1. Against the longest alpha carbon principal axis of the chain, how many degrees, from 0 to 90 and to the nearest 10, is the axis of helix 271-287 turned?
2. So what's the back-of-envelope 222 nm ellipticity for the chain, counting only DSSP H runs of four-plus at -39500 (n - 2.57) apiece and dividing by all residues, rounded to 500?
3. Could you run the Debye sum over the Cα atoms of the stretch 160-298, one equal point scatterer each and no solvent, and tell me log10 of I(q)/I(0) at q = 0.10, 0.14, 0.21 Å⁻¹, two decimals?
4. Give me a comma-separated list of calculated 3J(HN,Hα) values for the stretch 195-206, in order, Karplus coefficients 6.51, -1.76, 1.60 applied at θ = phi - 60°, integers in Hz, x for any Gly or Pro.
5. Give me the one-decimal Kirkwood hydrodynamic radius in Å for the stretch 6-181, with the sum taken over alpha-carbon pairs.
6. Top mean-square fluctuation among LEU232, LEU247, LEU63, Gaussian network model of the chain, C-alpha springs under 10 Å?
7. So which residue, out of ASN33, ASN100, ASN131, gets the largest mean-square fluctuation from a GNM of the chain using Cα contacts under 10 Å as springs?
8. Read phi for every residue in the stretch 332-341 and hand back ³J(HN,Hα) as whole Hz from Karplus 6.51 cos²θ - 1.76 cosθ + 1.60, θ = phi - 60°, with x for Gly and Pro.
Amino acid sequence: MINKNKYEAAWRCPSNIALVKYWGKKGKQLPANASLSFTLADLYTETKLTCASEEPGNIQVFLDGARQISFEPKIREFLARIDDLLPWLKDYSLTIHTSNNFPHSSGIASSASGLGALALCLAEIHASLSNQSPDVQFASELARLGSGSACRSINGTAAMWGEHPDFHGSSDRYAISVDHLLHPEFQGWMDAVMLVETGSKSVSSTQGHALLQEHPYAKSRFQEANRNMSRLKHVLQQGDIQAFADLVESEALQLHAMMMCSSPSYMLMQPETLRIIKEVRAFREQSGIPVVFTLDAGANVHVLFPGQHRIHLGETLFPMLAEACEGGKYICSTIGPGVKRLT
Ligand code: DP6
């Protein structure tokens, strides 16, 4: 806070990759099923928000210092969704300076980290205006109203979102950390993101979620996802890596199967996606090293692995997989918490 006419906050927020997928919504940006993700500490957005009492309602967004008029409608839509939670917002203008530490054209979604960082800034300013201490849960709720998956980026190494009987304190409104469930086997895991396609996607996640409304398999998918949450809880607690691989890979393929039988149907996997998936499975079989693939709503493949194998995989599996990537590129991140208040 600077003075009562101007407030500033700056936060870093990481991206995340879901193990059980959020795919389908109900009500106001609430999930049709519970989901659980690992936080990608090294792939993050940094955002500085300035709220000033001059020109209320004015919004300016800058990416790496350059004005992005095309981002503003999405931000306005987000602000409209949260105006009942932040009634003071309408009396201020907003200037948002943001940057990602991963390349814009990497095909890595910046909505989770981007809306997460903005939500953290808004939650901090809200706390100073109302003389409260900043609240992680509130920041996660704001982030969810921007982009569902963003609410899972705010809290911990592993976060779950969506009310579920097996997860104490779970809520459809915000995500909670489930770090306490992680068996030591999962300490120090990493994610190598194989960049198969770096342009923008033909069908956005938001459009994809909407297709679940009339989807013939939606109901069974939501039930299966919630069952997978119970299974995943057990697997994470037991440190059962084989069961982890089976479950996480099945979730990724179910997500894409849902896309393929939506109406209209669509496909985001590319031939290279399948090539990488097959190579990951064959390598795991032959080497006994637990490399596990998952997918988000795109062609890129996330390869999860225990960090102690990083050098070996960097000399064996990854160069082979990179042959199927655009420009031979992939990006590695540690799995861990990554939210940081910036000064
Ligand atoms: C496939 O959070 O991007 O990555 O709420 O409309 O912004 P909106 O959708 P978004 O959906 C992400 C879907 C997913 C799976 C997941 O992260 O759980």
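Read the figures in this text as sums done on the coordinates, not as results from a lab. Keep in mind that this is a model prediction, so the values were computed, not measured.
1. 60
2. So the helix-based figure for the chain works out to -11000 deg cm²/dmol.
3. Reported log10 I(q)/I(0), two decimals: -0.40, -0.80, -1.45.
4. Per-residue couplings from phi come out as 8, 6, 9, 10, x, 7, 7, 6, 10, 6, 4, 4 Hz.
5. Kirkwood hydrodynamic radius for the stretch 6-181: 16.2 Å.
6. With Cα springs under 10 Å in the chain, the top fluctuation among LEU232, LEU247, LEU63 is at LEU63.
7. Greatest mean-square fluctuation among the candidates belongs to ASN131.
8. 9, 9, 6, 9, x, x, x, 6, 8, 7
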